[in-house]
Amino acid sequence: MKYVLLGIESSCDETAAAVYTTDNRLLSNVIYSQTDLHKQFGGVVPEIASRAHIEKISHIVASALEQANISLRQVDVIAVTNKPGLPGSLLTGVCFAKGLAYGQNKKIIGVNHLEGHGFSSFLEHNVPFPHLCLTASGGHTSLYLVKDFGDYDIIGITKDDAAGEAFDKIAKLIQLPYPGGPYIEKLAAEVDFIDFFKYSRLKDKNLNFSFSGLKTAVLYNLVSQGAYDLSEKSFLKPDDYTLKQQVASSLLVCITDIFEQRLKLALQQYPEVQAITFVGGVACNKYIKARIETLAHSYHKQFFSPSAQFCTDNAAMIAFVGHYKAQQNKFSDYALDIY
Ligand code: KG4
Ligand code: ZN
């Protein structure tokens, strides 16, 4: 069946809409990022996020249709993120999508945000099955064995913080702006990704992740250098640019080593995989991307990672998942709820 899909994403702090057609064509991809609204708080404030989604969503959807040169009448299916995410943020997108679908007699499909990230590489590449997918974002860090569309096993999850969360929290510790990931990458590149402080790596040999200990390791390393006051909870060297570069570089190398070690283990356990994909906001990081690509090639596997606009939250990936669900006749009903 041929479909014109309208994708809607509002699970966290991006309001996004995209138009995708079955003949594999992304016609538009509009994103409004609320980062500037949350920056002063050092993280996403749920109530502010919900309100901003309400203010923007109608305009963003209209822009996506306009840029695609598609009228609402021509849309067959509305695919909307309904899990997981911030409840108020998810509700905005889902209620908007349901109202539109009901009022205009369209089909609706609820999409798992993580499945969106998981298949985001397909927007630009023909990725073979089976493959390993490493999803690393601000809320999640998981490893999947992907056997087909909608057919995948979670083989590793984070037991505490996500990788992006570790970048953000540690960046905050040394007074870098939110979100920390891009700032960490920039500072680390300036000192050639040298592992100055050698924070400890994960010692257990399984496919799960853990990043909360890393924040503690960074903290105590700063304390030992007289750069952090634990009782006052304050960073004592905000003007020490060299120290910030060294922390950023050591952190980035450490997180990449952890990814690499887990992927090596997974490649040994699942030698049948054809490729590795690396997706989610953290996959914007060129250093991590390059190291995973080198690892994949050393195991004679292909490597795919979306361009930056499809790594961070977007509705194109939601529309894409809606597209293959529509092919499998997996539509939702108008009682679609959030989780
Ligand atoms: O996928 P995403 O936009 O939102 C979630 O679903 O969480 O990911 C946002 C995360 C943030 O933690 C941010 O610091 C991280 O992705 N990030 C990066 C980079 N760009 C964004 N982390 C490391 N290096 C980057 N260049
Ligand atoms: Zn995301």
For segment 134-164, the count of residues that are in a loop (DSSP other than H, G, I, E, B), away from ligand 2 (no atom under 16 Å from the Cβ) and within 17 Å of residue 209 (Cα to Cα) equals 2
Over segment 257-306, the set of residues aliphatic (A, V, I, L, M), surrounded by 15 or more Cβ atoms within 10 Å (Cβ to Cβ) and away from ligand 2 (no atom under 16 Å from the Cβ) is 258, 263, 265, 266, 267, 273, 275, 276, 288, 292, 295, 296
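Only one of these is more than 30 Å from residue 48 (Cα to Cα) and in a helix (DSSP H, G or I): 129, 122, 96, 167. Name it.
Values: 129 fails: in a helix (DSSP H, G or I); 96 fails: more than 30 Å from residue 48 (Cα to Cα); 167 fails: more than 30 Å from residue 48 (Cα to Cα).
Sole residue among the options that is more than 30 Å from residue 48 (Cα to Cα) and in a helix (DSSP H, G or I): 122.
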Residues of segment 4-37 being of a type in the set (S, T, N, Q), out of contact with any strand residue (DSSP E or B) (no Cβ under 8 Å at 6 or more places or on another chain) and within 16 Å of ligand 1 (Cβ to nearest atom), in sequence order, are 35
Restricted to segment 16-32 and to residues being without any contact (Cβ under 8 Å) to a residue 60 or more places away in the chain and in a strand (DSSP E or B), the residue nearest to residue 113 (Cα to Cα) is 32
Condition set within 14 Å of ligand 2 (Cβ to nearest atom) and touching a Leu at 6+ places or on another chain (Cβ under 9 Å), scope segment 109-133, selection farthest from residue 179 (Cα to Cα): answer is 133
Being within 16 Å of ligand 2 (Cβ to nearest atom), surrounded by 13 or more Cβ atoms within 10 Å (Cβ to Cβ) and among the small types (Gly, Ala, Ser) narrows 319, 326 down to just 319
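Return the only residue of 79, 64, 49, 101 being touching a residue at least 40 places away in the same chain (Cβ under 8 Å), among the hydrophobic types (A, V, I, L, M, F, W, C) and not in a helix (DSSP H, G or I).
Details: 64 fails: not in a helix (DSSP H, G or I); 49 fails: not in a helix (DSSP H, G or I); 101 fails: not in a helix (DSSP H, G or I).
Going through 79, 64, 49, 101 in turn, just one is touching a residue at least 40 places away in the same chain (Cβ under 8 Å), among the hydrophobic types (A, V, I, L, M, F, W, C) and not in a helix (DSSP H, G or I): 79.
Output the residues belonging to segment 306-317 that are away from ligand 1 (no atom under 12 Å from the Cβ) and closer than 19 Å to residue 146 by Cβ.
The answer is 316, and nothing else.
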In segment 268-291, residues that are closer than 15 Å to residue 142 by Cα and either out of contact with any helix residue (DSSP H, G or I) (no Cβ under 7 Å at 6 or more places or on another chain) or β-branched (Val, Ile, Thr) (or both) total 4
Filtering segment 202-228 down to residues that are β-branched (Val, Ile, Thr) and either part of a loop (DSSP other than H, G, I, E, B) or free of Cβ contacts under 8 Å to residues at least 40 places away in the same chain (or both) yields 216, 223
Flagged pairs (Cβ under 6 angstrom, 6 or more apart or on separate chains; first in segment 279-295, closer than 10 Å to residue 305 by Cβ; second aromatic (Phe, Trp, Tyr)) are 292/278; 293/303
The residue that is surrounded by the most Cβ atoms within 10 Å (Cβ to Cβ), considering only those in segment 202-249 that are closer than 19 Å to residue 177 by Cβ and among the basic types (Lys, Arg), is 244
In this structure, does residue 110 turn out to be within 16 Å of ligand 1 (Cβ to nearest atom) and either in contact with a helix residue (DSSP H, G or I) (Cβ under 9 Å, 6 or more places away or on another chain) or outside any helix (DSSP H, G or I) (or both)?
no
If you go through 103, 88, the only one that is over 21 Å from residue 44 (Cα atoms) and not hydroxyl-bearing (Ser, Thr, Tyr) is 103
Yes/no for residue 35 being under 20 Å from the mean Cα position of the chain (by Cα), at pLDDT below 95 and within 15 Å of ligand 2 (Cβ to nearest atom): yes
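The values are calculated or read from the model by the stated rules, or taken from the named source; none is laboratory data. Computed from a predicted structure; not experimentally measured. A quick note on method: Cβ atoms are made from the backbone with ideal geometry, for glycine too, and the neighbour counts reach across all protein chains shown.
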